[in-house]
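The values are calculated or read from the model by the stated rules, or taken from the named source; none is laboratory data. A quick note: this is a predicted structure, and the numbers were derived from the prediction, not measured. Cβ atoms come from the backbone with ideal geometry, glycine included; neighbour counts cover every protein chain shown.
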């Protein structure tokens, strides 16, 4: 086990936020109640030649998709959050990677992004904000995505993210409601960044493996999934593996059988959970999904780790691609949406 490093940052950005990363998301049950009345208000497209292919009335997908023609559709999304690490440059990289992930989760390719920045201008120096933006720009350019302009506000808490536009072929799109029984479930990144980030916020300990995971683009996994003919996917972020898996199987009308021994975790994640570094967001995730899950012999610790709120997590695929672990399978809908064995 690699010994974690201790942060040398003079300004601990995580101390300026009430939470961190995707653990700050509005809980899934509350969010669904919030938008429940909006789907009925969606009218016909202003231009029938550009219909909405994925929107609020879908399965809780990661982005909206609007058709351009038979071969092209626009993917659009926005994502931002409070600091998940203390280093400003790394936070910018993580937030940008996370925002781009929504496009990859739809099988698309990001082409342009604009910055979304909230900054306590009387509290934190703009030099740190510049480092955040530099981190985001580096990731965007590394993904082949233009990064230009954006919007900023004076905010009591620092927040950063991006609004991203991409392109996808409608006939090769990944979406949450297209999963079918009889296919394996694949996860492309290990879990555990939530508990490690919570430990980082509390103690200042830096976990390089977690940062490396959060700044790894889902680009290659997305391209491999599309090439393999996979049509159902989502990314695993603030609602945890169980929350995002539940949304996928609910939308597709199937049951997932999850092999908890096959689920990969970052080094140190279990110890962090054992030591109590579990965010409130992760506990709310578990409370929301628990009535839909048959947990079997899974311990309370296992349940919390499976519901751990991830930031810039991997793709959850209804299918198999080389180099990534199969963590379960999909079956015809049964009594429970998820069965853990």
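Only one of the listed residues (238, 334) is over 20 Å from the mean Cα position of the chain (by Cα) and either at pLDDT below 95 or assigned by TED's automatic domain parsing to the domain that holds residue 97 (or both). That residue is 334. Which of the residues spanning the stretch 236-277 are part of a helix (DSSP H, G or I) and without any contact (Cβ under 8 Å) to a residue 40 or more places away in the chain? Once the filter is applied, which keeps residues that are part of a helix (DSSP H, G or I) and without any contact (Cβ under 8 Å) to a residue 40 or more places away in the chain, the stretch 236-277 yields 261, 271, 274.
Annotation note: of 312, 299, the sole residue that is at pLDDT 95 or above and surrounded by 24 or more Cβ atoms within 10 Å (Cβ to Cβ) is 312.
Quick grid of which residues meet (1) assigned to a helix (DSSP H, G or I); (2) in the same structural domain as residue 196 (by TED's automatic domain parsing); (3) out of contact with any helix residue (DSSP H, G or I) (no Cβ under 7 Å at 6 or more places or on another chain):
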| residue | (1), (2), (3) |
| --- | --- |
| 69 | no, no, yes |
| 90 | yes, no, no |
| 95 | yes, no, no |
| 110 | no, no, no |
| 135 | yes, no, no |
| 138 | yes, no, no |
| 147 | no, no, no |
| 156 | no, no, yes |
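Residue-level check: of (1) over 20 Å from residue 226 (Cβ atoms); (2) in contact (Cβ under 8 Å) with a residue 60 or more places away in the chain; (3) in a helix (DSSP H, G or I), residue 130 misses just (2). Any chance the stretch 215-226 includes a residue that's free of Cβ contacts under 8 Å to residues at least 40 places away in the same chain and farther than 30 Å from residue 86 by Cβ? Taking every residue of the stretch 215-226 in turn, at least one turns out to be free of Cβ contacts under 8 Å to residues at least 40 places away in the same chain and farther than 30 Å from residue 86 by Cβ. The residues listed here are 143, 130, 113; of these, the one that is more than 26 Å from residue 65 (Cβ to Cβ) and modelled with pLDDT of 95 or more is 130.
Picking from 225, 233, 210, which residue would you name as being in a helix (DSSP H, G or I), in contact with a strand residue (DSSP E or B) (Cβ under 6 Å, 6 or more places away or on another chain) and buried (at least 24 other Cβ atoms within 10 Å of the Cβ)? Explain how you work it out, then say what you get.
Numbers: 233 fails: in a helix (DSSP H, G or I); 210 fails: in contact with a strand residue (DSSP E or B) (Cβ under 6 Å, 6 or more places away or on another chain).
Answer to the check: 225.
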